[in-house]
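Here the structure comes first, spelled out in structure tokens, and everything after it is commentary.
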Amino acid sequence: MIMLSTSPLKKNAIATNDNLVARFKKGNPSCSRCEHASESIEHVLFFCPFAQAIWRASNFSYTPILEGFPGFTKWWWRIYNSSFKNANKNCMVLIAFLCWNIWKARNEWVFQGIKNDPIEVWQEAAHAAEEFTLSSMLCNPTPESHNSEVSHSWMPPPSGFVKINCDAAFLSPSKEASIVVIIRDYSGKVVGGATKLVHALSIAAAEAFACRIGVFTADREGWQNIIIESDNKGVISRLSSNKLSFWETVSIESDILYFKSRFESLSFSFVNRRCNQAAD
Ligand SMILES: [Zn+2]
């Protein structure tokens with residue numbers, strides 16, 4: 001299944017817009033969803049804001065980085081070799097299903113105008129991978145990978161708490177930010193979440209937006225003991241110290257602190273980028 005899923009990619013046989021233009025010498029190579037880049041398979045699977053939101057919503061601690069990306073095939077084999085070396089074969093099954101479901105969501109958007117939710121795309125991929133693994137009588141399915149490229153380093157909150165990982169991917173030309181918020185309980189189970197596309201002044205404002213959506217979502221869903229996690233040091237530092245001085249984020253952070261009295265416990269935690277890729 002893994003071999004079959006990658007072989008068409010090697011031949012550039014996938015009908016992405018850039019491949020279609022190269023083949024037929026006409027058409028528009030731009031991504032139909034974001035219109036910010038040529039639609040290569042790497043853009044669809046990794047760098048489109050929609051794909052980035054899905055990877056951040058997944059259990060993988062991974063945000064694809066465009067700079068230095070080796071292309072899908074090399075990336076795949078790098079992960080494959082690393083994953084198998086670490087005896088974590090199920091990781092490849094999960095990645096294959098995740099890529100497949102991202103591609104499927106792209107087709108549903110292009111041909112049917114269906115707007116899929118990034119969290120649901122991830123959950124469907126995880127479910128399909130689990131069913132595949134069970135039916136193939138492989139060993140116990142676990143979504144975690146322990147290789148250096150894709151790893152799962154998310155730490156659970158204490159019992160009775162939920163941890164809300166808040167993250168934003170910011171597109172500076174259009175000032176658009178794709179926000180993903182994932183709520184997990186002490187066992188790591190996803191118990192809620194939200195995704196949103198917003199306009200923001202800067203990456204700091206986008207990250208503050210993500211935290212605000214996290215707090216609003218927790219309040220709406222009735223969680224009382226929450227930990228907000230973000231990889232933006234400035235936002236977390238200001239919220240933790242209650243010192244709101246940065247003009248780009250002050251109004252958003254004020255909203256978050258205004259909500260503090262509605263919770264039994266609301267704390268803020270900084271995690272490095274690789275760790276926050278649980279929602280990141
Ligand atoms: Zn795109």
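Some notes on this structure:
- Residue list for the range 248-264, restricted to those being surrounded by 13 or more Cβ atoms within 10 Å (Cβ to Cβ) and closer than 16 Å to Thr217 by Cβ: Ile252, Asp255, Ile256, Phe259, Lys260, Phe263
- Applying the condition of being free of Cβ contacts under 8 Å to residues at least 60 places away in the same chain and either buried (at least 23 other Cβ atoms within 10 Å of the Cβ) or among the β-branched types (Val, Ile, Thr) (or both) to the range 180-193 and asking which residue is farthest from Arg33 (Cα to Cα) yields Val191.
- Residue in the range 20-41 that is nearest to Phe97 (Cα to Cα), counting only those that are more than 11 Å from the ligand (Cβ to nearest atom) and touching a helix residue (DSSP H, G or I) at 6+ places or on another chain (Cβ under 8 Å): Ile41
- Of all residues in the range 125-169 being modelled with pLDDT under 85 and of a type in the set (Ser, Thr, Tyr), the one that is nearest to Gly234 (Cα to Cα): Ser153
The values are calculated or read from the model by the stated rules, or taken from the named source; none is laboratory data. These numbers were taken from a predicted model, which means no experiment stands behind them. Glycine gets a Cβ as well: all are built from the backbone with ideal geometry, and neighbour counts include every protein chain shown.
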